[in-house]
Amino acid sequence: MIEYRKARLADVEEMLELVQFFADKGLMLPRSRHALYEGIREYQVARVGAKLAGIGALRVLWRDLAEIRTLATAAAYQKQGIGRRLVQLLLAEADEMDCNSVFTLTYQTRFFEKMGFHRVEKESLPQKVWQECINCVKFPNCDEIALVYPARET
Ligand SMILES: CC(C)(COP(=O)(O)OP(=O)(O)OC[C@H]1O[C@@H](n2cnc3c(N)ncnc32)[C@H](O)[C@@H]1OP(=O)(O)O)[C@@H](O)C(=O)NCCC(=O)NCCS
């Protein structure tokens, strides 16, 4: 059975391993242990028994602007709906906060399109998005693709 819940401090070592696994393959950006502890409240996790199966985070950047980031399903658990469920949980969190604009920067465009996101020009995102990019190893040559989730009808 897959358990979905907010991350706990005891998850951090496994989260670090999971992120590093995909970061080494160039699929996602690395995260330091400190960044994971600092941002722990942003994460949802999926656990299968004693094993961490997936993670994903929602970072609020500004009024009505949040990013889904650091989404990963462990290789052994992919294609079982975990990524989808994590995205749904993160979108629900955004919704609860009345945040109507959720975006992601990713290489997994097909996956996010299946989740209802659509591609946009990176330059169309608010400037606030780029504040953190200066600390990224890829700055200023970002090759990630921007996708946004459609705002709900109000
Ligand atoms: C992207 C990722 C999180 C998807 O997780 P997952 O748990 O395998 O995804 P799901 O099983 O929920 O898939 C949901 C749907 O997307 C599809 N899908 C999953 N990964 C896909 C991919 N890489 N490309 C295209 N479609 C994909 C599934 O087939 C499924 O489609 P269906 O509803 O038609 O059956 C996972 O492949 C991953 O961790 N990749 C490495 C890390 C990474 O690149 N993260 C993104 C950084 S933001």
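Any residue in segment 136-150 that is of a type in the set (G, A, S) and surrounded by 12 or more Cβ atoms within 10 Å (Cβ to Cβ)?
Within segment 136-150, one or more residues are of a type in the set (G, A, S) and surrounded by 12 or more Cβ atoms within 10 Å (Cβ to Cβ).
List, please: which pairs have Cβ atoms under 7 Å, are six or more places apart or on different chains, and start with a residue in segment 72-93 that is under 15 Å from M15 (Cα atoms) and end with one that is among the small types (G, A, S) and in a helix (DSSP H, G or I)?
Close Cβ pairs (under 7 Å, with a partner that is among the small types (G, A, S) and in a helix (DSSP H, G or I)) amount to T73/G83.
Sort out which residues of segment 12-24 are within 19 Å of I68 (Cα to Cα) and away from the ligand (no atom under 15 Å from the Cβ), and write them in order of number.
The answer is V12, and nothing else.
Would you point out the residue of segment 108-121, among those that are open to solvent by 40 Å² or more (accessible area, probe 1.4 Å) and in a loop (DSSP other than H, G, I, E, B), that is nearest to the ligand (Cβ to nearest atom)?
This residue is Q108.
Return the only residue of L27, L61, L105 being near the ligand (Cβ under 8 Å from one of its atoms), among the hydrophobic types (A, V, I, L, M, F, W, C) and more than 24 Å from I2 (Cβ to Cβ).
Every option except L105 fails the conditions.
Applying the selection to segment 68-101, what residues are open to solvent by 20 Å² or more (accessible area, probe 1.4 Å), more than 7 Å from the ligand (Cβ to nearest atom) and within 19 Å of P30 (Cα to Cα)?
Selection gives A75 alone.
Out of segment 5-36, which residues are touching a helix residue (DSSP H, G or I) at 6+ places or on another chain (Cβ under 6 Å), under 26 Å from M97 (Cα atoms) and of a type outside the set (G, A, S)?
V12, M15, R31, L36
Being more than 13 Å from the ligand (Cβ to nearest atom) and assigned to a loop (DSSP other than H, G, I, E, B) is the filter here, so list the residues in segment 30-46 that pass it.
Result: S32, G39.
Any residue in segment 129-147 that is closer than 17 Å to L58 by Cβ sitting within a Cβ distance under 8 Å of a residue that is open to solvent by 70 Å² or more (accessible area, probe 1.4 Å)? List the pairs, counting only those 6 or more apart or interchain.
A146/R119; A146/E121; A146/S124; L147/H118; L147/R119
The values are calculated or read from the model by the stated rules, or taken from the named source; none is laboratory data. Note that this is a predicted model, so its numbers are computed, not measured. When we count neighbours, we look across all protein chains shown, and the Cβ atoms used for this are built from the backbone with ideal geometry, even at glycine. Keep in mind that these areas ignore ligands, DNA and RNA; they rest on the heavy atoms of the full protein, side chains included. Shrake-Rupley method; radii C 1.70, N 1.55, O 1.52, S 1.80 Å.
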